[in-house]
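Peer 1: Mind having a look at this structure? Questions to follow.
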Amino acid sequence: MSNLVVLGGGKIGEALIAGLINSGIDPQSITVTNRNSDRGQQLRETYGVKDLTDNEQAVESADVVFLCVKPKGVLDLLAEISEAVENNDDPTVLVSMAAGLSLAAMEDVVVAGTPIIRVMPNTPMLVGRGMNAMATGRFVTKEQAEEATALLSAVGEVVPVAESDMDAVTALSGSSPAYFFLVAEALVDAGVSLGLTRQVAEKLVTTSAAGAGIMLAESGSDPATLRANVSSPAGTTVAALRELEESGIRGAFYRATEACAKRSMKLGEASKAPRESNFDEDSDS
Ligand SMILES: NC(=O)c1ccc[n+]([C@@H]2O[C@H](COP(=O)([O-])OP(=O)(O)OC[C@H]3O[C@@H](n4cnc5c(N)ncnc54)[C@H](OP(=O)(O)O)[C@@H]3O)[C@@H](O)[C@H]2O)c1
């Protein structure tokens with residue numbers, strides 16, 4: 001069984017750990033690190049994984065190391081673990097989950113030849129329905145790419161993408177769960193405004209969202225067909241859809257995804273600047 005290490009047990013790190021364990025991976029083969037030992041203890045008690053605060057110690061004998069810290073911390077973290085990774089008897093593959101950070105920027109701070117994979121995940125991996133877009137660096141072997149794909153497949157879908165597409169990928173899958181949650185939140189408030197209790201409104205909205213999600217994923221029909229199927233002529237749904245269209249919902253998504261992709265691009269550009277002035281404090285996915 002491979003030794004797996006998750007550096008950074010935050011939202012994505014925890015989602016990954018939970019998904020891997022749900023898929024049957026032995027929790028004792030997973031080591032998680034955080035700077036704050038309370039968080040490590042919490043993850044150990046919840047999932048039965050090993051926890052450390054020392055990243056160098058954690059990557060000793062690791063087969064796959066997932067980098068799940070904020071983008072602004074990734075290059076320093078790579079510099080911190082690089083020698084320890086190099087000293088491992090068997091090659092260790094590093095898998096970065098960070099938005100924006102290019103493979104070239106990461107390869108620059110580690111020992112030459114270290115295999116690095118860049119992944120854009122999303123939080124539905126917590127429930128085994130994650131979307132992981134993956135671009136492999138030049139030193140990654142076919143076997144390493146296959147192992148990373150197999151592990152990420154345990155927590156959702158994996159699609160190989162060109163690294164140049166990563167900013168668009170971030171806008172479409174990395175950040176999009178938040179767009180759907182915002183729509184759900186707005187609908188619940190709208191239901192309360194129509195006189196429903198919040199509890200009933202939440203039940204109606206979350207069940208409809210989950211059902212629509214499964215139809216999108218499993219019916220084999222495209223979104224436009226599914227929408228047309230619930231739009232009877234002069235019916236209630238088209239009355240609502242017309243309001244959404246007149247309110248500019250499509251334009252809002254074009255602008256939102258452009259802003260997201262631009263932000264991802266900016267994180268990538270910041271990674272080319274000197275490390276100490278790299279990122280804004282709030283930089284994330
Ligand atoms: N959240 C999303 O939906 C999403 C989607 C796609 C991609 N991503 C990417 O996933 C990565 C993680 O994001 P997140 O939302 O999970 O962030 P997060 O919740 O802030 O988690 C980061 C974790 O890393 C730990 N950490 C920070 N520096 C560390 C270090 N030097 N050594 C060990 N642990 C360290 C932090 O804990 P301590 O402070 O205790 O160390 C924290 O638990 C980011 O690069 C982001 O771009 C996130």
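A short reminder: the numbers here are calculations on the coordinates, not readings from a lab. Predicted model, so just to flag it, every value in this text is computed and none were measured. Here the Cβ is made from the backbone with ideal geometry for all residues, glycine too, and neighbour counts use every protein chain on show.
Peer 1: By per-residue mean of other Cβ atoms within 10 Å, what is the highest-first order of 241-250, 152-161?
Peer 2: 152-161, 241-250
Peer 1: Could I ask something else about it? Under the 0.36 nm per residue contour assumption, what length would be gained going from the current alpha-carbon distance of ASN36 and ASN22 to full extension?
Peer 2: This chain segment gains 2.5 nm when fully extended.
Peer 1: Something else about it: Farthest toward the dipole's positive end in the chain, which of GLY235, VAL93, ALA168, given Cβ charges of +1 (Lys, Arg) and -1 (Asp, Glu) about the Cα centre?
Peer 2: Going by the Cα projections, it comes out as GLY235.
Peer 1: Once you charge only the Cβ atoms, +1 for Lys and Arg and -1 for Asp and Glu, what is the size of the charge dipole of the stretch 1-145 about its Cα centre, to the nearest 20 debye?
Peer 2: Computed charge dipole of the stretch 1-145: roughly 740 debye.
Peer 1: Same structure again: Quick check on the exposure proxy: order VAL169, VAL85 from fewest to most C-beta atoms within 10 angstrom.
Peer 2: Neighbour counts put them in this order, fewest first: VAL85, VAL169.
Peer 1: How would the stretch 176-247 be classified by its alpha-carbon gyration tensor: rounded, prolate or oblate, with rounded meaning a/c under 1.5 and the a/b versus b/c comparison settling the rest?
Peer 2: Since a/c reaches 1.5 but b/c is at least a/b, the shape of the stretch 176-247 is classed as oblate.
Peer 1: How do the peptides 70-80, 216-226 rank, highest first, by the average count of neighbouring beta carbon atoms within 10 Å per residue?
Peer 2: Peptide ranking by packing, descending: 70-80, 216-226.
Peer 1: About the Cα centre of the chain, what is the dipole size in debye to 20, counting +1 per Lys and Arg Cβ and -1 per Asp and Glu Cβ, all else neutral?
Peer 2: 1040 debye
Peer 1: Show that you can apply the helix-only estimate: for the chain, add -39,500 (n - 2.57) for every DSSP H stretch of four or more residues, divide by all residues, and state [θ] at 222 nm to the nearest 500.
Peer 2: Taken over the chain, the calculation gives -16000 deg cm²/dmol.
Peer 1: Based on the Cβ-Cβ distance from THR197 to GLU60, what FRET efficiency comes out when R0 is 51 Å, to the nearest 0.05?
Peer 2: The calculated FRET efficiency here is 0.40.
Peer 1: Net charge near GLY113: determine it from the other residues with C-beta under 11 Å of the C-beta of GLY113, scoring Lys and Arg +1 and Asp and Glu -1.
Peer 2: Cβ neighbours under 11 Å give a net charge of -1.
Peer 1: To make sure I understand, if each residue's beta carbon is the centre and we count other beta carbons within 10 Å, what order do THR206, THR114 fall in, fewest to most?
Peer 2: THR206, THR114
Peer 1: In the chain, with Lys and Arg counted as +1 and Asp and Glu as -1 at Cβ, which of these residues, MET125, VAL49, VAL6, has the Cα nearest the positive end of the dipole, that is, farthest along it?
Peer 2: My answer, from the dipole projection, is MET125.
Peer 1: What is the gain in length, in nm to one decimal, between LEU204 and THR237 on full extension, counting 0.36 nm per residue of separation less the C-alpha to C-alpha distance?
Peer 2: Gain on stretching LEU204 to THR237: 10.3 nm.
Peer 1: Oh, and also: Give me the distance in nm between label points sitting 7 Å out from Cα along the Cα-to-Cβ direction at GLU258 and ASP108, one decimal.
Peer 2: Rounded to a tenth, the inter-label distance reads 2.9 nm.
Peer 1: Here's a follow-up. What are the lysines whose alpha-carbon lies under 19 Å from the alpha-carbon of LYS262, with same-chain residues fewer than 8 places away excluded?
Peer 2: Within the straight-line limit of under 19 Å, LYS262 reaches these lysines: LYS70, LYS72, LYS272.
Peer 1: Could you tell me the largest-minus-smallest coordinate of the C-alpha atoms of the stretch 211-250 on each of the three principal axes, in descending order and whole angstroms?
Peer 2: Dimensions of the stretch 211-250 along the principal axes of its Cα atoms: 29, 21, 15 Å.
Peer 1: Right, another one. Strictly greater than 27 Å: what percent of every Cα pair in the chain meets that?
Peer 2: That fraction is 46 percent.
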